[in-house]
Each structure stands twice: as C-alpha cells, then as structure tokens.
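The values are calculated or read from the model by the stated rules, or taken from the named source; none is laboratory data. A quick note: this is a predicted structure, and the numbers were derived from the prediction, not measured. Glycine also receives a Cβ, built like all others from the backbone with ideal geometry; neighbour counts cover every protein chain displayed. Quick note on the areas: whole protein, heavy atoms, side chains included, nothing else; ligands and nucleic acids left out. Shrake-Rupley method; radii C 1.70, N 1.55, O 1.52, S 1.80 Å.
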Amino acid sequence: MNTKQVKAYGTEAADASLEQRHIKRREVMPTDVEIDILYCGVCHSDLHFARNDWGMTQYPVVPGHEIVGRVSQIGDGVTNYKLGDLVAVGCLVDSCRTCSNCKDDLEQYCPEWVGTYGGYDKHLDTNTHGGYSESIVVDEAFVLRVPENLDQAGIAPVLCAGITTWSPLRHWNVGKDSTIAVVGLGGLGHMAIKLAHALGAHVTLFSRSTNKIEDAKALGADAVIISTDEAQMKKAMGRFDVIIDTVPYAHDLNPYVATLNTSGTLVVVGYLGPLDPMLMTIPMIMGRKSVAGSLIGGIAETQELLDFCGKHNITSDVEVIKIQEINQAYERMLHSDVKYRFVIDMKSLKS
Ligand code: NAP
Ligand code: ZN
Ligand code: ZN
C-alpha cells in the first residue's frame, strides 16, 4: 500500500505530553476521500484515551474525532464528494456494513466499528490515528457534508459532543412537550442544552458550580439546579422525562434518578465504568424509571444533525487554540475550565 507521511500531534505513553510526530496516511483508494483538516475539536474522550483511563489504549495515540476540513483528493470511484467540498469526520471511520446495526444506520453499535483513533486500521495494519493531524483519508461512506453557512471551528464539536447528545434526545423523543435535564456543563452538556432547547423542550442544567448559571441560561437553559445543594435537589424530585448525564467520572446517580418522573429515563453518556455508589433499584421499580446508556450516533443521524444545525444556525461555543497549546488545554479541561469546547486551528500544525 502506498502511503505518505503527515505531521500530527500525539503521545507515546499515558504519562507523556502530546508532541509533534509523523504518521502514515494511505494514498486514496477508489472510494476514499482525503481531507485537509482545518479544525479539530478537543473531546474529554481524547484526554481519557491519551492517558489510558479506560485501560485499552495502544500507543502511539493521535487523538481527535471532531474533524472539519476540505476535500483535497478523491479516489476514482467517489461519487458524493468533489475537490474543495467542506466535509467532516466524527468518531467512526468504518464498520462491517452488513450486520443488523449497520443496516439500521446504527454503525456505532456494530461489533466491528472502527474508531477514528485507537481503532484497527486494516489497510496499514496499525491503530487508526485521529484529527490532531494535517490530513486524514476516509472512505466516503464515513464522510459527512458540512453546511457552508456555519462557523467552521464552531461546527467541529457537533461531530462528537453534538451527536452524542442529539442521538439520545431523538431516541427518547424529546420535543416541545418534554421536560429534560442535563448533568454537567462542559462540551457535551452545552451542546445538549442548545439542541434540546432548539427541539422545544424545557431544559434544566444540573451543575456543581454557581458560576455557570448565567452561561447556561444564555445557551438556552430554562433553569439551573446546583447539584451539591440538597434543598434544591429535593425540590426537583419527580420532575424530568429525560436526563442526559455527561459527567466523565464516577458519581452518585441516585439523586438524579429521584428527579425523574414516572417512566423517566436517565441516559448516561459520560462515565464508562462501575457505579460508585451503587444504583438503588427501589426508586426505579416504584416509578418505572430507567437508567440507560448511549454511544455517539450513526452516520445518517450525524448528517441529520449537521443539517439541523445548518438550518437553525447552531454551533458550539468554542475557544480556538493552537496545537502547541494542547497539553495546557487538557489540564484546563480537567478543571472544567473551558467555555465550552477547545477547538484546534490546524494551521498551527502546518506552519
Ligand atoms: P467536559 O467538557 O470536561 O465536561 C464535563 C462536565 O462534567 C464538566 O464541565 C463538569 O460540569 C462536570 N464534571 C466534571 N467532573 C465532574 C465530577 N468529578 N463530578 C461531577 N461533575 C463533573 O467533558 P465532555 O467532553 O463533555 O465529555 C464528557 C464525558 O462524555 C467524557 O467522559 C467523555 O469521554 C464522554 N463521552 C461519551 C461519548 C459517548 O458516546 N457516550 C461521546 C463523547 C464523550 P459542571 O462544572 O457544570 O458540574
Ligand atoms: Zn468525543
Ligand atoms: Zn456492522
């Protein structure tokens, strides 16, 4: 297989900083699109993966799965894209395409889905490398079209933070009669508020900190509950149809289950791992409540969201950084000190 070297940013070990390196990209094959990357969002999953929080990372790692760029080359069998098109790649670059999940546009639940980074690259027999790089080569079936009317840095986080919250909002039929809540105001949380608000729902934010109240309201939240205030939590009992929980670390779900109404669902999208403290089943049984999970979204659903954002002029609130600032950005993200998504301007890698 013919390859070329491109510049990227990544790490060799859980305790090492991200640094500039070179990676291989394949030359385009018949159905491939090569994308010159303009912007790449910084997801908390990038940090989890780079630092091996989930115990499955293979090094080296080049993170990044909120990729926006322009088509710079196409294979001779590509039918949907042409040179110069504004396109995007999210968390998936391949799947088996034949299983029932793939047939149902749920590629993210395909047992053979290939992550944009940290997956298995069958072409190069190595792990896949993500968007903290100059360019990427992806089969056109996993490339998305970006509306030209939106800010290009601001749209990047839609590829993960957006779709991860949109998919459960759609699955649990959130609309104008819904009363929903979002736990945690970070990258996912702020997109959840914007999208649920645009769908017409009544939206409440649960946050640990009082200093995000004004921002949450400006993003579209109707109310804010400080989750560390017992009196406020008690007052919220039995109120929500759906809660989207974006907190990245182990935390107590029981106080949030109490705020669901009868038949309500708490959807965990943030934390991966065993619950601590344990989940109490009695309130769930007594109120037919559910605790569920949800993973990103499929290709068709991600395109649906990009089109929705184009129509409603929705983008993420971003802090644009240079790639050389990525290690400080990770430290700030650990302290919830970002409003509300870092996005890397990839010109900084090329210069
Ligand atoms: P983020 O920007 O760091 O935001 C997380 C928010 O959670 C923080 O702003 C904070 O909000 C709250 N928080 C942080 N630490 C907390 C703690 N110890 N206890 C309680 N609340 C805490 O992260 P993100 O990029 O939105 O990602 C959130 C999580 O979703 C990550 O674990 C990521 O890996 C995961 N994720 C999952 C999927 C999926 O498909 N399911 C996709 C993408 C990302 P407040 O200050 O308002 O409390
Ligand atoms: Zn992500
Ligand atoms: Zn499949």
Based on the Kirkwood radius over alpha-carbon pairs, what value in µm²/s does the Stokes-Einstein equation return for the translational diffusion coefficient of the stretch 243-351 at 20 °C and 1.002 mPa s?
126
Throw me the Rg/Rh for the stretch 220-264, computed over C-alpha atoms with Kirkwood Rh, two decimals.
0.94
Cα-based Rg then Dmax for the stretch 83-159, in Å, read 13.3, 38
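Please compare each pair in LYS24/LYS347; LYS7/LYS322; LYS176/LYS212; LYS24/LYS339; LYS176/LYS234; LYS194/LYS234 to a cut-off of 22 Å on the Cα-Cα distance and tell me which ones are over it.
On the way: LYS24/LYS347 19 Å; LYS7/LYS322 14 Å; LYS176/LYS212 25 Å; LYS24/LYS339 33 Å; LYS176/LYS234 25 Å; LYS194/LYS234 26 Å.
Going by Cα-Cα distance, LYS176/LYS212; LYS24/LYS339; LYS176/LYS234; LYS194/LYS234 fall outside the 22 Å limit.
Pop the C-beta distance of GLU319 and HIS48 into the FRET formula with R0 = 22 Å and round what comes out to the nearest 0.05.
Details: r = 20 Å, r/R0 = 0.90.
Plugging the Cβ-Cβ distance into 1/(1 + (r/R0)^6) gives 0.65.
Go ahead and run the numbers for FRET between GLU12 and GLU214, Cβ-Cβ distance against an R0 of 30 Å, rounding to 0.05. The partial results should precede the final answer.
On the way: r = 42 Å, r/R0 = 1.38.
Rounded to the nearest 0.05, the efficiency is 0.10.
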Hey, with R₀ at 45 Å, roughly what FRET efficiency would GLN73 and ASP337 work out to, going by the Cβ-Cβ distance, to 0.05?
0.70
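Decide, for the stretch 238-279, between rounded, prolate and oblate: order the square roots of the alpha carbon gyration tensor eigenvalues as a ≥ b ≥ c, take rounded if a/c falls under 1.5, and otherwise choose prolate if a/b is larger than b/c, else oblate. Numbers along the way, then the final one.
Details: a/c = 2.63, a/b = 1.69, b/c = 1.56.
Here the stretch 238-279 falls in the prolate category.
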Taking a ≥ b ≥ c as the square roots of the eigenvalues of the Cα gyration tensor, with a/c under 1.5 meaning rounded and otherwise prolate when a/b exceeds b/c and oblate if not, the stretch 1-159 is rounded
Specify the inter-centroid distance of the stretch 150-172 and the stretch 1-73, based on alpha-carbon positions, in whole Å.
20
The chain: Kirkwood hydrodynamic radius (Cα pairs, Å) comes out at 20.6
Starting from the Cα of LYS122, move 7 Å in the Cα-to-Cβ direction to define the label point; list residues of the stretch 130-144 whose amide nitrogen is under 18 Å from there.
137-143
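Based on Cβ point charges of +1 for Lys and Arg and -1 for Asp and Glu, what charge dipole magnitude is obtained for the stretch 131-211 about its Cα centre, in debye rounded to the nearest 20?
Details: 5 positive and 6 negative charges, 91 e Å.
Value, rounded to 20: 440 debye.
Using helices alone, I'd like the mean residue ellipticity at 222 nm for the chain: each DSSP H run of four-plus residues gives -39500 (n - 2.57), total over residue count, nearest 500.
Working: 12 runs with 88 residues, N = 351.
Taken over the chain, the calculation gives -6500 deg cm²/dmol.
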Any idea of the accessible area per residue across the chain, 1.4 Å probe, to the nearest Å²?
43
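Under the 0.36 nm per residue contour assumption, what length would be gained going from the current alpha-carbon distance of ASP252 and THR281 to full extension? Display every interim value, and only then the final one.
On the way: separation 29, 0.36 × 29 = 10.44 nm, distance 1.34 nm.
Taking 0.36 nm per residue and subtracting the Cα distance, the gain is 9.1 nm.
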Output row, site LYS24, 7 Å Cα→C-beta label point, backbone N cut-off 17 Å, window the stretch 94-126, residues 118-126
Note down the nm distance, to one decimal, between modelled labels 7 Å out along Cα→Cβ at ASP36 and at ASN80.
2.3
Whole-percent carbon and sulfur share, accessible surface of the stretch 257-325, 1.4 Å:
60
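Given the Cα-Cα distance of TYR109 and ARG97 and 0.36 nm per residue of separation, how much length would full extension add, in nm?
Numbers: separation 12, 0.36 × 12 = 4.32 nm, distance 1.12 nm.
So the chain would gain 3.2 nm between TYR109 and ARG97.
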Carbon plus sulfur fraction of accessible area for the stretch 102-239, probe 1.4 Å, in percent
47
Give me the dipole magnitude in Debye, nearest 20, for the stretch 264-351 about the Cα centre, with unit charges on the beta carbon: positive for Lys and Arg, negative for Asp and Glu.
80
Once both labels are modelled 7 Å past Cα along the beta-carbon direction, what's the MET56-ASP307 spacing in nm?
3.2
Considering only the chain, what is the antiparallel percent among its DSSP beta bridges, to the nearest 5?
60
